[in-house]
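Please read the structure below before turning to the comments.
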Amino acid sequence: MEKNKIQKIMQPIIHLPNVNSVGVIGDPGCEGLGTYNMKVYASVLEKSAQDDITLIAGDLVPIGNQHYYEEISGLTEVIAHNDIYVLRGNHDTGAYVDYFGRKNYALLAQDFSVVILDNAMRTFEEEGLELLKQVLEMEEIHQVIIAFHIPLPNHFIRNSVSEEEFERLKNVYGPWKEKVKYFLCGHVHSRFEDVVDDIPMICTGGGGALIEDVSEEIKACDVEHHIVHFFVEEGKLQYRFENLAENGYDRERRMAILRENLEKTVAGELMAHLKYLMFADRARRRGMEKIANLFEALASSEYHHARNFYSVIENPAPFGESVQTFIPGEAFEYERSYRMMEEYADEKGAPLTKRAFSGAAAAEKVHAKLLSEAADMENFDKGKVFVCPICGYVMAGDHIPERCPVCGGPSRQYEVFEAK
């Protein structure tokens, strides 16, 4: 019988003589276990396969009940390639011990050690501090990572343990400070590197949660989802960050039958989304606001279903190159497919269909033009875009016609999209 990948810790000290590297994943599940977030987590699990073991630096789940622990454990067991060790985060409440065992423990690898301390409640437990002292006292121990969830006081964020708690930790490692090579933490949905008490602190929260702004110096737009690799090179413990590719996890996308059915499901969900929105419009015109509100909510739900299904099969280009990848599809629609369908509808005496295709083709041509401009993302200056709700025609800029050039709809009905 194949053993579990997730290690339930029963002993305070675990010897791992054949381990030379560890991959660290931060905060995969605190914002929920939706398919989109879990695709990032799956990608990071596959990246960590190059390391001997993986450590999850807390917040495996949004809240620590049995349901979520079962969900994340099942997914992890299917995708992981190496042994998984877990550190408790502030979201990992409730049944944590039942699934993962001890909250304070030490991994003694071949040339380095990782001491895992529980500070999920913003305090270090005495049990953990005693264990840290015990490990540091060992003569054979020379390179130690002290790992915990919530950061120590630092130069970037205030979301940290108190100075008093840091002093408690410092009093323990102080006599053996030269052995402590890194502090390692999560909790912050980004990444940063700092030096605390002359020791490098690595903060990583890029394993699934949405990346957030940390400070004026560290913006979400500058940070990708990522993993941290710790390894020994020429006898010295080192680390490196590795960013995830946008299309990192592709195991399920490559399953032909599964992919075909996912594509059909996406189409069905989007059709339901459209139907509900159209009915909401009809209800609102009749003054039935509560009915309209319900159907708009249902439409939003169907969209998020479609997004989750599509995220499994999506194969996006890197973000900086993505905009231009949409242009060929728009051009093909207005240059060929929509024109052909317009002509076919005309031959068959289907004037409404013909009108729908001709109006859409006009809009797709504008789409392609705007996308071409937006491909230069840094210099794109169209901060306000208008959409005619009658035919879908798109207009950008400050000067727009009083009537839609395609269908003649009045400007007072235009939908306005304005960048903040």
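The values are calculated or read from the model by the stated rules, or taken from the named source; none is laboratory data. As the structure is a prediction and not an experimental result, all values here were calculated from the model. Counting neighbours? That spans all protein chains shown, and the Cβs are built from the backbone with ideal geometry, glycine included. Surface accessibility is based on the protein's heavy atoms, side chains included, excluding ligands, DNA and RNA. Shrake-Rupley method; radii C 1.70, N 1.55, O 1.52, S 1.80 Å.
For the peptides 165-175, 25-35, the ranking by mean Cβ contacts within 10 Å, running from highest to lowest, is 25-35, 165-175. In sequence order, the range 92-101 has phi-based couplings of 8, 9, x, 8, 3, 4, 4, 9, 10, x Hz under the Karplus curve 6.51 cos²θ - 1.76 cosθ + 1.60, θ = phi - 60°, and Gly or Pro positions carry x. Over all other residues within a Cβ to Cβ distance under 11 Å of Pro175, the charged ones net out to +2, with Lys and Arg as +1 and Asp and Glu as -1.
Coupling constants for the range 222-239 follow from the phi torsions by the Karplus curve (6.51 cos²θ - 1.76 cosθ + 1.60, θ = phi - 60°), and in residue order they are 9, 10, 9, 4, 7, 10, 10, 9, 10, 7, 9, 10, 6, x, 10, 6, 9, 8 Hz; glycine and proline get x.
Of all DSSP-defined beta bridges confined to the chain, some 55% are antiparallel rather than parallel. Stokes-Einstein diffusion for the range 310-420 at 10 °C, viscosity 1.306 mPa s, with a Kirkwood radius from C-alpha pairs, works out to 102 µm²/s.
Go through Lys264/Lys354; Lys219/Lys384; Lys5/Lys47; Lys170/Lys219 and tell me which ones have a Cα-Cα distance over 22 Å in this structure. Among Lys264/Lys354; Lys219/Lys384; Lys5/Lys47; Lys170/Lys219, the Cα-Cα distance tops 22 Å for Lys264/Lys354; Lys219/Lys384; Lys170/Lys219. Rounded, prolate or oblate: which one fits the range 185-314, using the alpha carbon gyration tensor with axes a ≥ b ≥ c (rounded when a/c is under 1.5, else prolate when a/b beats b/c, else oblate)? Oblate, since a/c reaches 1.5 and b/c is not below a/b. For the charge dipole of the range 219-277, defined by +1 on Lys and Arg C-beta atoms and -1 on Asp and Glu C-beta atoms about the Cα centroid, which residue among Leu277, Asn243, Val232 has the Cα displaced farthest towards the positive pole? The one lying farthest along the dipole's positive direction is Leu277.
The Cα atoms of the range 1-125 give a gyration tensor whose axes a ≥ b ≥ c have a/c of 1.5 or more with a/b no greater than b/c, which makes the shape oblate. Relative contact order of the chain, taken over Cα pairs closer than 8 Å and 6 or more residues apart, is 12 percent. Here the spin labels are modelled as points 7 Å beyond Cα on the Cα-Cβ line, and at Asp111 and Glu70 they lie 4.4 nm apart.
Given axes a ≥ b ≥ c from the Cα gyration tensor, I'd like to know whether the range 71-186 is rounded (a/c under 1.5), prolate (a/b larger than b/c) or oblate. Verdict is oblate for the range 71-186.
When the C-alpha to C-alpha distance is required to be over 23 Å, the pairs from Lys133/Lys181; Lys8/Lys181; Lys133/Lys179 that qualify are Lys8/Lys181. Cβ distances below 4.7 Å define possible disulfide partners, and in the chain the cysteines left without one are Cys30, Cys185, Cys203, Cys221. Look at the alpha carbon pairs under 8 Å that are at least 6 residues apart: their mean separation over the length of the range 1-116 gives a relative contact order of 38 percent. For the range 290-333, the Kirkwood estimate of the hydrodynamic radius, built from every pair of different alpha carbons, is 13.0 Å. Peptide packing: for 373-385, 217-229, the average count of neighbouring Cβ atoms within 10 Å per residue gives the ranking 217-229, 373-385, highest mean first.
Computing the accessible area with a 1.4 Å probe over protein heavy atoms, can you report the carbon and sulfur percentage for the chain? Carbon and sulfur together cover 52 percent of it.
With all protein chains kept in place, the per residue accessible area of the chain amounts to 53 square angstrom at a probe of 1.4 angstrom. Working note: Cα atoms of the chain, range along each principal axis, descending, whole Å: 88, 50, 47. Pairwise inverse Cα distances across the range 131-232, averaged and inverted, put the Kirkwood hydrodynamic radius at 14.5 Å.
Beta-bridge orientation, the range 135-225: approximately 45 percent antiparallel, per DSSP, counting only bridges with both partners inside. Only DSSP H runs of four or more residues enter the estimate; each adds -39500 (n - 2.57), and after division by the residues of the chain the mean residue ellipticity at 222 nm equals -12000 deg cm²/dmol. Looking at the range 50-115, none of the chymotrypsin sites (Phe, Trp or Tyr not before Pro) sits in a DSSP loop with at most 13 other Cβ atoms within 10 Å of its own Cβ.
Database remark: amide H of Ser21 closer than 5 angstrom to the amide H of Asp52, Ile53 (H placed geometrically; neighbours at sequence offset of 5 or more, or on other chains; Pro and chain starts carry no H). Each peptide among 132-143, 149-160 gets the average number of other Cβ atoms lying within 10 Å of its residues, and from highest to lowest they stand as 149-160, 132-143.
When the alpha carbon coordinates of the range 240-315 are projected onto the principal axes, the ranges are 57, 34, 12 Å, largest first.
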